[in-house]
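The values are calculated or read from the model by the stated rules, or taken from the named source; none is laboratory data. For clarity, every value in this text was computed on a predicted model and none was experimentally measured. Reconstructed Cβ throughout: ideal geometry from the backbone, glycine too, with neighbour counts over all protein chains shown. Only protein heavy atoms, including side chains, enter the accessible area calculation; ligands, DNA and RNA are left aside. Shrake-Rupley method; radii C 1.70, N 1.55, O 1.52, S 1.80 Å.
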Amino acid sequence: MKRVLLFCFFISFLLSVNGQPKDYEWRTPSKNSSESMPCGGGDIGMNVWVEDGDVLFYLSRSGCFDENNTLLKLGRFRVHLSKPFALSSFRQQLVLKDGYVQVTDGQKWVQIWADVNKPVVHVEVSIEKELTDVDVTYESWRTHDREITHRERFQTSYKFSAPQGLTTKRDSIIAATDGLTFVHQNGEQTIFDVTVTQQQMDAVKDRLYNPLKNLIFGGRLHGDQFVLKGTTQGRYASSDYQGWTYSSKRPAQRHAFTIALATKQGSFADWLSLLRETERQIQTKRDWKQTRDWWHQFWQRSYVEMKEGTLARNYTLFRYMLGCNSRGGWPTKFNGGLFTFDPEYVEKAPEYRLTPDYRNWGGGVHTSQNQRLVYWPMLKNGDFDMLCPQLDFYLRIYPNAEERSRLYWGHEGACITEQVENYGLPCYPEYGTKRPAGFDPGVERNAWLEYEWDTCLEFCMMALEAHRYSGMNIDRYLPMIRSCLRFFDEHYQYLANMRGAKRLDGNGKLVLYPGSGGETYKMAYNSTSTIAALRTVAEAIGDTALLGRLPDITIRDGKIQPALHYERVNNTETMQLYPVFPWRMYGVGRPNLDIARNTYLNDSLAIQFRSHVGWKQDLIWAACLGLTDEARRLLELKMGDGPHRFPAFWGPGFDWSPDHNWGGSGMIGMQEMLMQEAGNKIYLFPAWPREWDVRFKLHASDNTIVEAELQGGKVVNVKVTPQSRQQDIVYETK
């Protein structure tokens, strides 16, 4: 009997792993956009739902930043069939293995998918027996300039310092007989120009990277068998809209249309030429095969499967959402990614009755402490190519950060702030609009963000780790990494020299003051998170000179301290545990594990700050420290179903829904529970409950892939590629 049960268990895994991940489906339509399902690929995201018989979807694409640096949606699409779906047999499916969404009642099908190789959305309608008419309506709430409300300003980079009368500019919509073109075009002047002047950088403005000037984005709806029927208007949620309806020329059993997209800095003619070239490249049959092939290989890179599957299912669904921006020119935003929906379904207060463009904490500005959690799990997933949108973000902006250092302080190195704009300067409101005369122009006048410059080092480390894991060529990132390190070395010697005659302390070490431990431990002297970051990155890149000048982390009363000294506590980040993760100086298989565990279990602020919500990473630390019971408790909270119909739409937490740093931190924690590395050893199940049956495939350093299975508390199957690393496996199932 035991053999039969084991065989059945293995077969259940085999069907969902080797046969690609299971579909996720609903059996009833949705009430509104909050009950939408993600769909996408390449750099496109859609929220798809069925409401009152119509299939609707919001369309988003990375990099669509307006004049105010809001990440705008590209519109809402409504598909109406003359013969509605039968509710008794209704199904809406996210077909994960192929990366598309399908709505069907067994007689009619609507399939929606995004090409992973070029920015094109395909919508196909098919009917088994009857001829059917189809209408598709493009709905826009940006048909006129719209003044931004008090709450709405938080979708921009102006946030709480938005000027009176700030507007979201209208789109241009051109409705021709055979197709509709929609486009948003930034002008010469944007928030970039306002920020440069505010931060006293006009003297070097011509040398600064500016991604917003004359940026044009949008697309074209077209179907060979569709013609313009007319216009409509209405209200969805709390936003008025105007619609343009295209109808099928005649009833048929198959209807199809595409939405081709383009983004370009330059003239409208340049943009239109790019759009037309994208349309010319469409070959639906070939593109569909290539897209499916990409998703198939994506799912073969890694997986986590559990017999009781809520946690593993949500892990997989969130990974799909990350995969939808695999080819993006811009990173997946922590505060909703490409899948935000009408804000009144996230927050119920009347002030959130805003357009679908709204997300809290801005579109073009990046909060690095949050962004990092979206990208760290890609290493163990083997999604090394998907790191590039985030790493390239820093590659583009770091020269502007170097200009800051030269202009303000006369030394080299990239000073990249915690809340950094997509052009490499501090966020306009966080820089401070009320600054006293003589205040250092390179420092943000902000209680949370002042002197917080070290988070860029996590992204430097991601590049170095991608090389260590996969051999990925990171030559283009090395100057950026060295520049980020150089800033700390030169700047803190500069500050010491401004205070006195010596650039180093009595032991020949840097004096990292004023500094910061995240947004929490302010005016810090030798911040632990900064020292751990500098030491780890310097070791990885071989900067021995800097290593010799770094002070030690402060240990007191058997616990890691956030800093040698600090003046105040301003937030709730447990920075004293950053040497555990992300910097991996402590953990399973590493020295002084007892010190790190004592810090986690007994530090009063670590206990006070503990949570599973949003970007909180207590789950990760518990897993890294081998605290199995604690990790299990936090994982069930972190990766359980979110508050919306789609279970991986977590949040809003501290940010917005879907909360991607919530999902990312949960994914990291789950990976660490299953597998960790220390030295040349690979530890299996170091914090995984023995009673939880699980099967996984994850990546480790030196091009190593580990597949392992825990059944009935015992490891029953392990495969290591290359086989030579089998000797490095350590079993941790206690």
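Pro163 falls short on exactly one of the conditions (1) on the phi > 0 side of the Ramachandran plot; (2) more than 26 Å from the chain's Cα centre (by Cα), and that condition is (1).
The set of residues in region 24-57 being part of a strand (DSSP E or B), open to solvent by 10 Å² or more (accessible area, probe 1.4 Å) and over 18 Å from Ala648 (Cα atoms) consists of Glu51, Asp54. Of the residues making up region 380-399, those that are open to solvent by less than 10 Å² (accessible area, probe 1.4 Å) and part of a helix (DSSP H, G or I) are Asn381, Met386, Leu387, Pro389, Gln390, Leu391, Phe393, Tyr394, Ile397. Applying the condition of being of a type in the set (Lys, Arg) and closer than 25 Å to Ser657 by Cβ to region 597-616 and asking which residue is most open to solvent (accessible area, probe 1.4 Å) yields Arg610. In region 459-480, the qualifying residues are those that are of a type in the set (D, E, K, R) and in contact with a helix residue (DSSP H, G or I) (Cβ under 7 Å, 6 or more places away or on another chain), and the one that is farthest from Glu539 (Cα to Cα) is Arg476.
Are any of the residues in region 617-634 on the phi < 0 side of the Ramachandran plot, touching a Ser or Thr at 6+ places or on another chain (Cβ under 8 Å) and open to solvent by 60 Å² or more (accessible area, probe 1.4 Å)? No, region 617-634 contains no residue that is on the phi < 0 side of the Ramachandran plot, touching a Ser or Thr at 6+ places or on another chain (Cβ under 8 Å) and open to solvent by 60 Å² or more (accessible area, probe 1.4 Å). Among residues of region 176-189 being surrounded by fewer than 17 Cβ atoms within 10 Å (Cβ to Cβ) and either at pLDDT 95 or above or under 19 Å from Pro211 (Cβ atoms) (or both), the one that is farthest from the chain's Cα centre (by Cα) is Thr177. Exactly one residue among Val17, Val4 is farther than 20 Å from Pro647 by Cα, at pLDDT below 95 and under 27 Å from the mean Cα position of the chain (by Cα), and that residue is Val17. Taking region 251-284 as the range and being free of Cβ contacts under 8 Å to residues at least 60 places away in the same chain and assigned to a loop (DSSP other than H, G, I, E, B) as the test, the residues that pass are Gly266, Ser267, Gln283.
Can we say Arg313 is open to solvent by 20 Å² or more (accessible area, probe 1.4 Å) and either assigned to a loop (DSSP other than H, G, I, E, B) or closer than 25 Å to Gly669 by Cβ (or both)? For Arg313, the condition - open to solvent by 20 Å² or more (accessible area, probe 1.4 Å) and either assigned to a loop (DSSP other than H, G, I, E, B) or closer than 25 Å to Gly669 by Cβ (or both) - is met.
Here Asp594 fulfils each of the conditions (1) open to solvent by 40 Å² or more (accessible area, probe 1.4 Å); (2) of a type in the set (Asp, Glu); (3) over 26 Å from Phe685 (Cα atoms) apart from (3). Whenever a residue of region 39-63 is under 19 Å from Gly218 (Cβ atoms) and among the acidic types (Asp, Glu), its partners that are in a strand (DSSP E or B) and open to solvent by 10 Å² or more (accessible area, probe 1.4 Å), lying with C-beta atoms within less than 6 angstrom and at least six residues away or across chains, give the pairs Asp43/Arg61. Could you tell me whether any residue of region 664-680 is under 24 Å from Thr572 (Cβ atoms) and among the hydroxyl-bearing types (Ser, Thr, Tyr)? So far as region 664-680 goes, yes, one or more of its residues are under 24 Å from Thr572 (Cβ atoms) and among the hydroxyl-bearing types (Ser, Thr, Tyr). Pairs are defined by a Cβ separation below 6 Å, a sequence spacing of at least 6 or placement on different chains, a first member in region 496-515 that is closer than 24 Å to Asn446 by Cβ, and a second member that is part of a loop (DSSP other than H, G, I, E, B) and aliphatic (A, V, I, L, M); the pairs so defined are Ala496/Val511. Here the strands (runs of 3 or more DSSP E) wholly within region 58-117 that include at least 1 residues being of a type in the set (Lys, Arg) are 75-81, 91-95, 108-114.
To keep it simple, each residue is scored yes or no on (1) open to solvent by less than 40 Å² (accessible area, probe 1.4 Å); (2) in contact (Cβ under 8 Å) with a residue 24 or more places away in the chain; (3) touching a Phe, Trp or Tyr at 6+ places or on another chain (Cβ under 6 Å); (4) not in a loop (DSSP other than H, G, I, E, B).
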position	(1), (2), (3), (4)
Gln164	no, no, no, no
Arg170	no, yes, no, no
Ile174	no, no, no, yes
Gln200	no, yes, no, no
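Evaluate region 340-354: report whether one residue or more is outside any helix (DSSP H, G or I) and in contact with a strand residue (DSSP E or B) (Cβ under 6 Å, 6 or more places away or on another chain). Yes, some residue in region 340-354 is outside any helix (DSSP H, G or I) and in contact with a strand residue (DSSP E or B) (Cβ under 6 Å, 6 or more places away or on another chain). Does Tyr521 fit the bill of being surrounded by fewer than 21 Cβ atoms within 10 Å (Cβ to Cβ), over 23 Å from Phe384 (Cβ atoms) and either within 24 Å of the chain's Cα centre (by Cα) or not small (Gly, Ala, Ser) (or both)? So Tyr521 does not fit the description; no.
Taken over region 316-336, the residue count meeting the criterion of being in contact with a helix residue (DSSP H, G or I) (Cβ under 7 Å, 6 or more places away or on another chain) and in a helix (DSSP H, G or I) is 4.
Yes/no per residue for (1) without any contact (Cβ under 8 Å) to a residue 24 or more places away in the chain; (2) surrounded by fewer than 17 Cβ atoms within 10 Å (Cβ to Cβ):
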position	(1), (2)
Met675	no, no
Arg690	no, yes
Leu698	no, no
Asp702	no, yes
Glu707	yes, yes
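Pairs linking a residue in region 303-330 that is β-branched (Val, Ile, Thr) to a residue that is not in a helix (DSSP H, G or I), with Cβ atoms under 6 Å and 6 or more positions apart or on different chains, are Val304/Phe696; Thr316/Pro21.
Among the residues of this structure, Tyr209 counts as one that is touching a Phe, Trp or Tyr at 6+ places or on another chain (Cβ under 7 Å), modelled with pLDDT of 95 or more, surrounded by fewer than 21 Cβ atoms within 10 Å (Cβ to Cβ) and more than 29 Å from Leu81 (Cα to Cα).
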